[in-house]
Amino acid sequence: MRTPAVFLDRDGVINQDTGYVHTIDDFEFLPGVLEGCLKLQSAGFKLVVVTNQSGIARGYYTEQQFQTLNAYMVECFLTAKVYITAVYHCPHHPSGQNPQLAIDCDCRKPKPKMLLDAASAHAIDLDRSYIVGDRTSDLKAGMNAGLKRNVLVSTGKELTSDGTELADYVAADFSDVCGYILND
């Protein structure tokens, strides 16, 4: 049986976006995220992180540094009794320093590959799923994957008119995100 999911961008949605976050010391959960994810999980949603990590292609940090921080984040969620179904990331960027990663790939949001791969691997019902992001590219990825709703949260990058026009809902913070999804 396919179940719904909430796809979560990382920087600016789960944690404070200070720019190319890649160390545990720089990682700070935004208020309400752990509690909100527990509520979403309790309501039957799978939780999947989908994040562009162009800092890897740009040479700002390594894949291993990303994976170390990722393991820390997932462990913090587990400590709060929240199970993250999967974390998908795109290490590419067309103007990256690493020639192997400096490509126009299929996985970088707004392309939907990370979401579609997650749906296939984890029996996710896209028609009943949501994406929560802080950028237009997050919302476009959700639209391109055929998700039920796109939620823009204002805890990350500055909101643009493009983003607010694409969003089914603009949330002030993660608690607001949860209220919207759970009452939709």
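Quick note: the coordinates plus some simple rules give every number you see, no bench work behind them. Bear in mind the structure is a predicted one, so any value in this text is a computation, not a measurement. We place every Cβ from the backbone using ideal geometry, glycine too, and count neighbours over all the protein chains shown.
A P(r) calculated from all alpha carbon pairs of the range 8-47, with 10 Å bins opening at zero, reads 30, 46, 22, 2 percent. For Lys109, the lysines whose Cα comes closer than 19 Å to its Cα, not counting residues fewer than 8 places off in the same chain, are Lys140, Lys148, Lys157.
On a full-extension model of 0.36 nm per residue, what is the gain between Ala172 and Thr79, subtracting their alpha-carbon distance, rounded to one decimal in nm?
Details: separation 93, 0.36 × 93 = 33.48 nm, distance 2.57 nm.
Extra length from Ala172 to Thr79 when fully extended: 30.9 nm.
Contact order, relative form, for the chain: 25 percent (alpha carbon pairs under 8 Å, 6 or more residues apart, mean separation divided by residue count). Only Cα sites of the range 27-117 enter the Debye sum here, all with the same form factor; the resulting log10 I(q)/I(0) across q = 0.18, 0.20 1/Å is -0.87, -0.99, listed in q order.
Excluding Gly36 itself, what net charge comes from residues whose Cβ is under 12 Å from its Cβ, given Lys and Arg +1 and Asp and Glu -1? Result for the local shell: -2. Sorted largest first, the spans of the alpha carbon positions of the chain along the three principal axes are 45, 35, 33 Å. Backbone N atoms of the range 76-93 closer than 20 Å to the 7 Å Cα→Cβ label point of Gln65 belong to residues 88-93. Diagonalising the gyration tensor over the Cα atoms of the range 96-184 and scaling each eigenvalue by 5 before taking the square root yields semi-axes of 24, 18, 10 Å, largest first.
Each label was represented as a point 7 Å from its Cα along the Cα-to-Cβ direction; for Ala102 and Arg128 these points are 4.6 nm apart.
Given their separation in residues at 0.36 nm each and the Cα-Cα distance between them, Gln16 and Asn144 gain 43.5 nm when the chain is fully extended. Net length available on complete extension from Ser42 to Asn183 is 49.4 nm, with 0.36 nm assigned per residue and the Cα-Cα distance removed. What percent antiparallel are the DSSP beta bridges of the chain, to the nearest 5? Of the beta bridges lying entirely in the chain, close to 5 percent run antiparallel. Summarising the amide proton neighbourhood of Tyr88: residues at separation of 5 or more, or on other chains, whose placed amide H is nearer than 5 Å comprise Val49, Val50, Thr51. Kindly state, to the nearest 0.05, the FRET efficiency for Ser154 paired with Met1, given R0 = 25 Å and r defined as their beta-carbon distance. It comes out at approximately 0.15.
Contact order normalised by length for the range 13-74, with contacts defined as Cα pairs under 8 Å and 6 or more residues apart; what percent is it? Computed value for the range 13-74: 37 percent relative contact order. Less than 5 angstrom separates the built amide H of Ala171 from those of Leu152, Val153, Ser154, all sequence-distant by 5 or more or on a different chain.
When the trypsin sites (Lys or Arg not before Pro) in the range 75-184 are filtered for DSSP coil states and for at most 12 other beta-carbon atoms within 10 Å of their beta-carbon, the remaining sites are Lys81. When cysteine pairs in the chain are screened for C-beta atoms closer than 4.7 angstrom, the residues that find no partner are Cys37, Cys76, Cys105, Cys178.
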